[in-house]
Amino acid sequence: MATITSINKEPGVDKVVILLIGGRGVGKHRLATALIQTRSSLTVEVRTCVKLPLPKENEQERPYIDLIIFIVDMTSRASKMILEESLPYLMPECFVDKVCFVAMNSSMVNSYSFGIDRVIDCGDLYGCPVLYGDLQSRSHLDNLAQQIINQAEVKAGLKYNISSNFVTASFHGP
């Protein structure tokens, strides 16, 4: 199995590759569609997987991954397990401005399977933003997709003198 690293890969020009990681049923494909449909000066390519590590096969053909999004369903204990099992497969250089955590169903506090503190702690530990999402309405989905595209544009260097953490701070939490 392969550890995700940025070594030996070159980023695309005017293109961003986003990897969505999350269990079945968390809305990866709905979010991927929204990301592709969101207006951006970049060409957006989205890849999905359930968890890390990625398979070793076809590793050479795999593109440079610009942004890694962990989708964590707050109502699913399995989602927390996927997050905890996947994190060790990222090399440390992947975290700086490359990883983002999305806490899904964050408004359903009474249905949480685990505390949101766990996701916030991951964001703090790795210096990565935590976004809050809900796929129940189109406006929430579009807002989340726009936040992720903003992160990608910062990562790609299209927004100067701004960090992805600042972009995240400009949006409100749950």
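Name, by its number, the condition in (1) over 16 Å from Gly133 (Cα atoms); (2) modelled with pLDDT of 85 or more; (3) touching a Lys or Arg at 6+ places or on another chain (Cβ under 9 Å); (4) part of a loop (DSSP other than H, G, I, E, B) that does not hold for Gly23.
It is condition (1) that Gly23 fails.
Within the range 102-120, how many residues turn out to be of a type in the set (A, V, I, L, M), over 15 Å from the mean Cα position of the chain (by Cα) and either part of a strand (DSSP E or B) or surrounded by 13 or more Cβ atoms within 10 Å (Cβ to Cβ) (or both)? So that I can check it myself, show each step before the final result.
Kept after step one, since they are of a type in the set (A, V, I, L, M), are these residues of the range 102-120: 102-104, 108-109, 116, 119-120.
Next, only the ones that are over 15 Å from the mean Cα position of the chain (by Cα) stay: 108-109, 116.
Still in the list and also either part of a strand (DSSP E or B) or surrounded by 13 or more Cβ atoms within 10 Å (Cβ to Cβ) (or both): 108, 116.
So the answer is 2.
Please verify whether the range 98-117 includes one or more residues that are farther than 19 Å from Leu20 by Cβ and in contact with a helix residue (DSSP H, G or I) (Cβ under 6 Å, 6 or more places away or on another chain).
Yes: the range 98-117 contains one or more residues that are farther than 19 Å from Leu20 by Cβ and in contact with a helix residue (DSSP H, G or I) (Cβ under 6 Å, 6 or more places away or on another chain).
Scan the range 94-101 and tell me whether some residue there is part of a helix (DSSP H, G or I) and either at pLDDT below 80 or more than 26 Å from Ser41 (Cα to Cα) (or both). Give the steps one after another, and end with the answer.
Just the residues of the range 94-101 that are part of a helix (DSSP H, G or I), to begin with: 94.
Now drop any that are not either at pLDDT below 80 or more than 26 Å from Ser41 (Cα to Cα) (or both), which leaves 94.
Yes, that holds for at least one residue.
Give the number of residues within the range 26-46 that are in a strand (DSSP E or B) and surrounded by fewer than 16 Cβ atoms within 10 Å (Cβ to Cβ). Steps first, please.
Residues of the range 26-46 that are in a strand (DSSP E or B), as a first pass: 43-46.
Next, only the ones that are surrounded by fewer than 16 Cβ atoms within 10 Å (Cβ to Cβ) stay: 43.
The total comes to 1.
Of (1) assigned to a strand (DSSP E or B); (2) over 13 Å from the mean Cα position of the chain (by Cα), Ala78 satisfies all except one. Which?
Every listed condition holds for Ala78 apart from (1).
The values are calculated or read from the model by the stated rules, or taken from the named source; none is laboratory data. Everything numeric in this text was worked out from a predicted model, so none of it was measured. Glycine gets a Cβ as well: all are built from the backbone with ideal geometry, and neighbour counts include every protein chain shown.
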